[in-house]
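Before any comments, here is the structure.
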Amino acid sequence: MDILKLIKERRTIRKYKKKAIPQKIIQKIVESGIWASSIHGFQPWRIAVITNKSKIKEIASILRNKSKSIGTGPNILMSSTAETIYNSPTIIAVYNTKVFVNFAKKFRAEYVKIAQLSEIEAISGAIQNIVLTAESFGIGSCWTVLPVFCEKEINKILNLNNSLLTILTVGYPAEEGKRSLRKPINEKVKYLK
Ligand SMILES: Cc1cc2nc3c(=O)[nH]c(=O)nc-3n(C[C@H](O)[C@H](O)[C@H](O)COP(=O)(O)O)c2cc1C
C-alpha cells in the first residue's frame, strides 16, 4: 500500500451514506488507534464507538443548542459540526485518561507540563491512525474538536468521565469532499545539511 498516496488523497468527509460499517472493520479501525506510540507506553487514550442513533442525535442536538450561545465565529463551525454528527452512522469519541499526567505528578512541575503535552501528542497519533485506517477501507471521516465545548453533556450521554479530545465522524462517503491544498513544502520544511 502506498501510504503517501493514501495520505494525499484523503479528504475530510462530512456527508455519509446510511450504510453501517461492519463490526469487523470498525474493530480494525480502532485497533490502529491503540497501536499508536505513547510516552513510556502509557497509552493515555480511551476510545468509545457509538452507533446508537438516538445517542448520536442527542449529541448533535446539544451541539446545535451550544452554537446559539458561543458567539459569532465558533457558532458557524459548531452548527456545521452538529450537522456532520447528526448525519453520521458512527461516531468515535476519543478521550484522554491522563494516566501519564497523574503518574508524573510525583515529579517536578515542569515534567507535568511535558506529560500533558505528550498525552495530547500520543492521542493525536492514535486519531491520525484511525483516520488513515478508515480511509484505507474506503471510509471517510471528519476530525472534530468543537464537541469539547460540550464535554460535560456528552459524557453524561455516554456515561464516561474522562477528558474528551475529539469526536470523529465516520462512514461511507456520500460526497467527494473538497480538495484542501497545502502550502509549498519549502515553506514548511527546512533541511540543515
Ligand atoms: C484537530 C482538528 C480539529 C478539527 N475540528 C473540526 C471541527 O470541530 N468541526 C469540523 O467540522 N471540522 C473540524 N476539523 C476538520 C478540518 O476543518 C478539516 O480537516 C480541514 O478543513 C482540512 O481538510 P482536509 O482534512 O480535507 O485536509 C478539524 C480537523 C482537525 C485536524
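The values are calculated or read from the model by the stated rules, or taken from the named source; none is laboratory data. Predicted model only: the values in this text are computed from it and were never measured. Note that each Cβ is placed from the backbone with ideal geometry, even for glycine, and that neighbours are counted across all protein chains shown.
The residues of segment 162-193 that are in contact with a helix residue (DSSP H, G or I) (Cβ under 6 Å, 6 or more places away or on another chain) and of a type outside the set (Val, Ile, Thr), listed by number, are LEU164, LEU165. In summary, helices (runs of 4 or more DSSP H) completely within segment 1-81 and bearing 2 or more residues that are within 13 Å of the ligand (Cβ to nearest atom) occur at 3-9, 53-67.
For LYS156, the conditions (1) within 27 Å of PRO44 (Cβ to Cβ); (2) modelled with pLDDT under 95; (3) of a type in the set (D, E, K, R) all hold with the exception of (2).
For segment 102-121, the criterion of a residue being in contact with a strand residue (DSSP E or B) (Cβ under 8 Å, 6 or more places away or on another chain) and among the hydrophobic types (A, V, I, L, M, F, W, C) is satisfied by at least one position.
Residues that are surrounded by fewer than 15 Cβ atoms within 10 Å (Cβ to Cβ) and either of a type in the set (Lys, Arg) or on the phi < 0 side of the Ramachandran plot (or both) are absent from segment 85-97 altogether.
Take the conditions (1) among the hydrophobic types (A, V, I, L, M, F, W, C); (2) surrounded by fewer than 17 Cβ atoms within 10 Å (Cβ to Cβ); (3) within 16 Å of the ligand (Cβ to nearest atom); ALA109 misses just one of them, which is (3). Take GLN128 and tell me if it is surrounded by 15 or more Cβ atoms within 10 Å (Cβ to Cβ), within 12 Å of the chain's Cα centre (by Cα) and among the polar types (S, T, N, Q). Criteria met by GLN128.
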